[in-house]
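In what follows, a structure is listed as structure tokens, so that the remarks can point back to it.
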Amino acid sequence: MMNPSTLAVSCKNLVKTYDTGDQKVIALNGINLDVAMGELLMLVGPSGCGKTTLISVIAGILDQDEGSCELFGENLKNLKSQDKLRFRAKNIGFVFQAFNLLPALTAAENVSIPLLINGVKRAEAERQAVQMLEQVGLGKRSQSMPAQLSGGQQQRVAIARALIHNPRLIVCDEPTSALDHETGNQVMALLKNVALQHDRALVIVTHDARVFSFADRIAEMDDGQIVKVT
Ligand code: ADP
Ligand code: MG
């Protein structure tokens, strides 16, 4: 049992079912998981076992049916929707599996979004966004549109966008899937560096065995449950 005052994430008995009319899928079947501040936790498991569902619940993008999830001692379910949005905008960075960049905005504009939502002025947000893009090796592509970038470059824009506002919790769905080995290592080193800050935490879904060495702990999922933590 971890010390509750140092927990970034505390999930208790999470259950989530998708009801598609003719059939029910139990995506999360009683998940208990703690992530400490300063920790980089990787989540692995076969396709369809519930990884994306779990991180979506943790990040407050999806509501669970049963159980509770606290982030830094705050249960998002107890917040009014406006407060919940504000809490998420300030504290969470999310890298989606499909990147989810806005196609009509430049790379720098995409990366600026979390800052704008948090009230930073446009020129300052743009300046910080270009700096963040430099850190992921895309300083020269800040004015490119997503469609002009390769999959790996788009993925790095998505990672820059998740980090720009210095969130306390970063959640990534397969963040190195489109990256070659060296770029993947650079991105992981950047993410790991964030996790080393004592009050932050990362949860990273990955299939990429090449990056397992960056993890503090690895949680294995199967069939909606966590079957092993090492
Ligand atoms: P993973 O990310 O590990 O591949 P997911 O969390 O995406 O797994 O999915 C877990 C299970 O829930 C799978 O059986 C999947 O088909 C199902 N599922 C995921 N999203 C939906 C949805 N929006 N509607 C219905 N079923 C879904
Ligand atoms: Mg998934």
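Taken together, the values in this text are just the output of simple stated rules run on the coordinates, not laboratory data. As the structure is a computational prediction, the values presented were derived from the model and not from experiment. Note: ideal-geometry Cβ built from the backbone for every residue, glycine included; neighbour counts use all protein chains shown.
Kirkwood hydrodynamic radius, segment 61-131, all distinct C-alpha pairs: what's the number in Å?
14.1
Based on the Kirkwood radius over alpha-carbon pairs, what is the Stokes-Einstein translational diffusion coefficient of the chain at 20 °C with 1.002 mPa s viscosity, in µm²/s?
The diffusion coefficient I find is 119 µm²/s.
Going by a ≥ b ≥ c, the root eigenvalues of the Cα gyration tensor, does segment 136-230 fall in the rounded group (a/c under 1.5), the prolate group (a/b larger than b/c) or the oblate group?
Because a/c hits 1.5 or more and a/b exceeds b/c, segment 136-230 counts as prolate.
So for the pair Gln131, Ser150, with labels modelled 7 Å out along Cα→Cβ, what separation do we get in nm?
2.8
Could you state the principal axis extents of the C-alpha atoms in segment 16-100, from the largest down, to the nearest angstrom?
Between the extreme Cα coordinates on each principal axis of segment 16-100 lie 37, 29, 28 Å.
What full-extension length gain, to one decimal in nm, is calculated for Ser68 and Lys228 as 0.36 nm per residue of separation minus the Cα-Cα distance?
Separation in residues times 0.36 nm, less the Cα-Cα distance, equals 55.6 nm.
Give me the extension gain from Asn193 to His207: residue separation times 0.36 nm, minus the current Cα-Cα distance, reported in nm with one decimal.
Full extension from Asn193 to His207 adds 3.0 nm.
Please give the length that would be gained between Lys80 and Ala98 if that part of the chain were fully extended, namely 0.36 nm times their separation in residues minus their C-alpha to C-alpha distance (nm, one decimal).
Full extension from Lys80 to Ala98 adds 3.6 nm.
Checking the a/c ratio against 1.5 first, then a/b against b/c, what shape does the Cα gyration tensor give for segment 94-196?
Taking the square roots of the gyration eigenvalues as a ≥ b ≥ c, segment 94-196 is oblate.
Calculate how many DSSP beta bridges within the chain are antiparallel, expressed in % of all such bridges and rounded to the nearest 5.
55
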